[in-house]
């Protein structure tokens, strides 16, 4: 197996474990609320606490990965993630009022999550270039999507044993992914000089000064995608259980449908976009319009099944947007700056996840229509912002790499053409004449001999005579 394939297999589990941190809990949240006698707001904080702590720590994790290496940061992150799950699970098992310790475990898990998918995305940028990089990033987003698809079902299955089993599953899952990552993924050796915090902040400022006009809208669009996704899932989970009495694995299956569509769309998008920035931009804008249309239609739909069908439109949009944003952001900056920028981007995305459930709870308290109209309007505004401001440019290193590849491709094309003509000549019994052969043939035709042969003969003869003396 090629090392590039091993790297990809080892890395693909990292974003998978990150997304399980929230998505696996969503179908179990109503049960947790009942078992611990929590309010809707307290229940939403189980998602928000994880995401806020991750969002705050992610930039620090990016700095550490730029300074000390990606691999060591991911290893420590997976260990912390597993320990946080263990703390929350044991507190639920042994205590009558475990809520505060569960929250502490969720904070620890959030800190661990900060060093998983964001750093894995930066590592993909280190290990791959050009079209393979886009395919790899598409696969990472697909892995993220698969995690979202499987997590409601896994969470529902674990809840059949006990509601707190979702927490105890994390140490096992983290251990498995850690082993795969340790033995399969090899980091490129790079000489990293320690960067002072002041210089680090200056580097961030420099990147935003150069790319901020499109980078800031890209960050907000990514955040909005996750904000609406987790807000809608939170609402849908509560709706299915309380109003339609759909619980357990069946509910997990329903929640997985929009997520499955999103992961398929993300994978296909990763295959299509390659390094075509204009195509990426187009996909992001179309995706935002699809999101807006989906939530606008959802405001008029009453049935749960019809609502899931409408939300699939938005899932296609999200699947188109996220891989494109990943490729844009990774491709816009130098490799030395990727850790910090991808971490900031992931941090903003996590803030979107964090505010989704409580904001949706608040909007739903006003009315269902207000909730859907608000997020539809927000998606539409940023679709328009994307049209005017989302105009990324490749980094100098990527432009040089692309130029070199084009020149290399042209050279290979010429060589193949020459080789093809040589094969045709052999098959037809025709010898391809060089310029020298043509000149010799013309000389023999005019003089009956080739003067250059005569000169060579005389020179060789002179050398022999000198040798005899």
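Structural remarks
- Ranking of 66, 37, 247, 96 by neighbouring Cβ atoms within 10 Å, starting from the fewest: 96, 37, 247, 66.
- A Förster radius of 45 Å combined with the Cβ-Cβ distance from residue 381 to residue 179 puts the calculated FRET efficiency at roughly 0.50.
- Extension gain, residue 38 to residue 198, is 53.2 nm, computed as 0.36 nm per intervening residue step minus the present C-alpha separation.
- Per residue, the Cα convex hull of segment 7-104 amounts to 102 Å³.
- FRET efficiency, 1/(1 + (r/R0)^6) with R0 41 Å, evaluated for residue 276 and residue 157 via beta carbons: 0.50
- Taking 0.36 nm per residue of sequence separation and removing the Cα-Cα distance, the residue 104/residue 68 pair yields an extension gain of 10.2 nm.
- The slack between residue 90 and residue 208, meaning 0.36 nm per residue of separation minus the straight C-alpha distance, is 38.1 nm.
- Rough spin-label spacing in nm, given labels placed 7 Å along Cα→Cβ, for residue 76 and residue 239: 4.3 nm
The numbers here are math on the coordinates, done by the rules we state, and not lab data. None of these values were measured; they are calculated from a predicted model. Quick reminder, even Gly has a Cβ in these numbers, built from the backbone with ideal geometry, and neighbours come from all protein chains shown.
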